[in-house]
Amino acid sequence: MRDPIPPRVPKWPFFSGDALLLGAAYFIYARSELPMSSGQMALAALCVAAGALFGVVPFLLEYRVMARVVEAAGLTTVISQVQKLDDLAAEIRSATGQWQAVQEQADKTVAAAESIAQRMTTEVKSFAEFMQRVNDTEKANLRLEAEKLRRGEGEWLAILVRVLDHVYALHQAGLRSRQPSLVEQLTHFQNACLDAARRVGLAPFSPEPDEPFDTQRHQAADGDGKAPEGALVSQTLATGYTFQGRFLRPALVRLRGNEISPQSTADSPQSTVESPQSTTADSANGGDRQEPLPPEPAEPGPEGRKGEL
């Protein structure tokens, strides 16, 4: 902003009056006789003083005008500063109002966040409880299904072992019949049955004659199932079994020194085949050993048939 130009006081009227007054004083001095009287001297001094006053007055007036102009400029500056202060106060009030609005929004946001956090906590807890219930139910169902599968496995395994025992007994009967064609057919039949059993992991094993008696793999058919130390296997009455590499049932054997004649073997009941059956079922189901099943009569050998004839 440009500074205002202060007004100028015209000086020529004052200088003119000063000149006239000084001329009047000189006129009085020139027309007076010397020595001048007191009245003439007073009048001449008054004219000189008035002229001097006329010469000083314009400068005094100009000084006052300049002082008032400076004072007015200072007041203008103060007023502009006060206006700026008013604008600043208005901006401060506006900012304060905005901060209050922001504070209110922040409080609302915090309250909403706390509410959301509480709902999320509740939902997470409910979901965890639901998943726990589902997990427990699934575990119970899987446990039931596994139990059913184990029970079914034990049942069909016991049935399969029973069938293989009958096949083995049938093959032994064929061997005792001494008919080559019948022995060959029964051997093929037994091999086919054993091959089918091996496909599901059931593998029979039969000790060789004169093999040392092993209490872990063999069971004596004589007495209470115990054998003296150093006993040898003489005859296999029922094969032992392993299921998927796990020992399932020991082989039922007759020890050396306890052999019986073929006639008595053919005429005796076939208890040797059925005795290990309970062991097979118990091993498959994981239970305790049960009592042997009742014996079934075996088909008599050739000597028995000749005796009957």
If the chain between Glu62 and Ala95 were fully stretched, how many nm would it gain, using 0.36 nm times the residue separation less the Cα-Cα distance? 7.0 nm
From the residues Ala146, Gln103, Val65, which one has its Cα farthest along the dipole of the stretch 42-153 in the positive direction, the dipole being from +1 and -1 charges on Cβ of Lys/Arg and Asp/Glu about the Cα centre? Ala146
In whole Hz and in residue order, list the ³J(HN,Hα) couplings for the stretch 17-32 that follow from phi through the Karplus curve 6.51 cos²θ - 1.76 cosθ + 1.60, θ = phi - 60°; x for Gly and Pro. x, 4, 4, 5, 5, 5, x, 5, 5, 5, 5, 5, 5, 6, 8, 7
Let me know the Kirkwood hydrodynamic radius for the stretch 12-98, please, with Cα pairs as the basis and the value in Å to one decimal. 17.5
So Glu153 and Arg133, fully extended at 0.36 nm per residue minus their Cα-Cα distance, gain in nm 4.3 nm
When Lys and Arg each count +1 and Asp and Glu each count -1, what net charge do the other residues less than 15 Å away from Ser115, Cβ to Cβ, add up to? -1
Calculate the spin-label point distance for Val124 paired with Ser177, positioning each point 7 Å from the Cα along the beta-carbon direction, and give it in nanometres. 7.8
Contour minus Cα-Cα span, Ser32 to Phe247, at 0.36 nm per residue, comes to 60.2 nm
Here the net charge surrounding Gln190, from other residues whose Cβ is less than 13 Å away from its Cβ (Lys, Arg +1; Asp, Glu -1), is -2
For the stretch 12-98, averaging the sequence separation of alpha carbon pairs under 8 Å that lie six or more residues apart and dividing by its residue count, the contact order in percent is 31
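Every number here is computed from the coordinates shown, using simple stated rules; none is lab data. All figures in this text were calculated on a predicted structure; none of them were measured in a lab. Positions of Cβ are backbone-derived with ideal geometry, glycine not excepted, and every protein chain shown enters the neighbour counts.
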